[in-house]
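Beneath this line is the structure, given in structure tokens, with notes to follow.
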Amino acid sequence: MEDTSIRTAEEHRQALQQIERLWHAAPGSPDEVRLEKLVAAVEVYEARSVSGWDDKQTQG
């Protein structure tokens, strides 16, 4: 399975570009699956960015 997690502002920018290209993907297509994964990853990244949450905060 492809890793779709976003860790940097550059990865975020690239994901947004990919989402724009895939926006009208055919339902049920591999492109639609990729689109859904990217959207979910962007939502997680943006929620973390807005809240100031950091992966380091979860490490002991």
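Taken over region 1-33, the criterion of being farther than 23 Å from V50 by Cβ and in a helix (DSSP H, G or I) is satisfied by R21, L22, P30, D31, E32, V33. Within region 1-54, the set of residues being touching a helix residue (DSSP H, G or I) at 6+ places or on another chain (Cβ under 6 Å) and aromatic (F, W, Y) comprises just one member, Y45. Cβ contacts < 9 Å: first residue at positive phi, restricted to region 1-22; second residue at pLDDT 95 or above and not basic (K, R), any location; separation 6+ or different chain. Result? Going by the 9 Å Cβ cut-off, there are no qualifying pairs.
The values are calculated or read from the model by the stated rules, or taken from the named source; none is laboratory data. This is a predicted model, so every value here is computed, not measured. So basically every Cβ, Gly included, is an ideal-geometry build from the backbone, and we count neighbours across all protein chains shown.
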